[in-house]
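Encoded as structure tokens, the structure appears first; notes follow it.
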Amino acid sequence: MATMANLTAMIALLISAAAAASTAPPATAYTNHTVGGAAGWLFDANTNTSATNYSVWAVNQTFNLGDYLIFNTNSNSTVIQTYNDTTYSSCSFDDAQDNDTSQYNGGDQQFGMALTIAVPLTIEGINYYFSDADDSVQCQRGMAFEIQVNHGLGLPPSLNQPPPPPYIEPPGPGSAQSPPTSVTPSQGNGGFRAAASMRGVFSVLLHLLPFSILIV
């Protein structure tokens, strides 16, 4: 009976969650989400812990396409965005694919420089974020979270641009694709044709001249 009661309670909880999701108000504007709130996206090297629990922060937010994540951080940490669960779980993007993982900062030579990084949400579904600084220790010690991105209003025009066309190397001088050369008629040929026409006119006049004299 206890098992049946637990199952009934679980079903009731799932129904309540589904009802709450279906009655959630639709998005009416795009939102900037400051990651971690006032704590920012920071790591305390003295205590070897993240500034806050980012997973707890994320679960209390609603994310939609076109929103931005604002990372108030410094050059001691990195911002990695990925759609790859394996990359996220390993706290490293060394083996990530080019089309599913991006690094937004890192490698700054000035240690501790304050940074503000804005990351747009352009892919619907699960998005993962972490810092791989200190040989991924920051990620392992709490600087990581995942979010569910809803459709909302969809992407605004500023973020909904087609990718640039692929680069095509121009053909070389000896290529069959070299553009055809156009030939411009020479002015000298035209002058020759004009001179020949004038000689024809004089020849006709010379033949007509005796006839004209006889008439007179």
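Results, tabulated for the structure shown:
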item: Residue list for the range 30-46, restricted to those being in a loop (DSSP other than H, G, I, E, B), at pLDDT 95 or above and not aromatic (Phe, Trp, Tyr); result: Thr31, Val35, Gly36, Gly40, Leu42
item: Subset of the range 38-78 that is more than 25 Å from Leu155 (Cβ to Cβ) and loosely packed, with under 14 Cβ neighbours inside 10 Å - its residue that is nearest to the chain's Cα centre (by Cα); result: Ser55
item: Flag for Gln81 being over 17 Å from the mean Cα position of the chain (by Cα) and either in a strand (DSSP E or B) or surrounded by fewer than 16 Cβ atoms within 10 Å (Cβ to Cβ) (or both); result: no
item: Top-ranked residue of the range 85-99 - restricted to ones that are without any contact (Cβ under 8 Å) to a residue 40 or more places away in the chain and touching a Ser or Thr at 6+ places or on another chain (Cβ under 6 Å), ranked as surrounded by the fewest Cβ atoms within 10 Å (Cβ to Cβ); result: Ala96
item: Residue check, Phe63 at pLDDT below 90 and among the aromatic types (Phe, Trp, Tyr); result: no
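The rows are residues; the columns are (1) in a helix (DSSP H, G or I); (2) farther than 26 Å from Ala27 by Cα; (3) of a type in the set (A, V, I, L, M, F, W, C).
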{"position": "Ser55", "(1), (2), (3)": "yes, no, no"}
{"position": "Thr73", "(1), (2), (3)": "no, yes, no"}
{"position": "Ile117", "(1), (2), (3)": "no, no, yes"}
{"position": "Asp134", "(1), (2), (3)": "no, yes, no"}
{"position": "Gly142", "(1), (2), (3)": "no, yes, no"}
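Each row is one residue, and each column tells you yes or no for (1) under 30 Å from Asn64 (Cα atoms); (2) of a type in the set (Val, Ile, Thr); (3) at pLDDT below 70; (4) under 28 Å from the mean Cα position of the chain (by Cα).
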{"residue": "Tyr129", "(1), (2), (3), (4)": "yes, no, no, yes"}
{"residue": "Pro156", "(1), (2), (3), (4)": "yes, no, no, yes"}
{"residue": "Pro163", "(1), (2), (3), (4)": "yes, no, yes, yes"}
{"residue": "Pro179", "(1), (2), (3), (4)": "no, no, yes, no"}
{"residue": "Ser182", "(1), (2), (3), (4)": "no, no, yes, no"}
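The values are calculated or read from the model by the stated rules, or taken from the named source; none is laboratory data. This one's a predicted model, so the numbers in the text were calculated from it and none came from an experiment. Here Cβ is always computed from backbone atoms with ideal geometry, including for glycine, and neighbour counts include all displayed protein chains.
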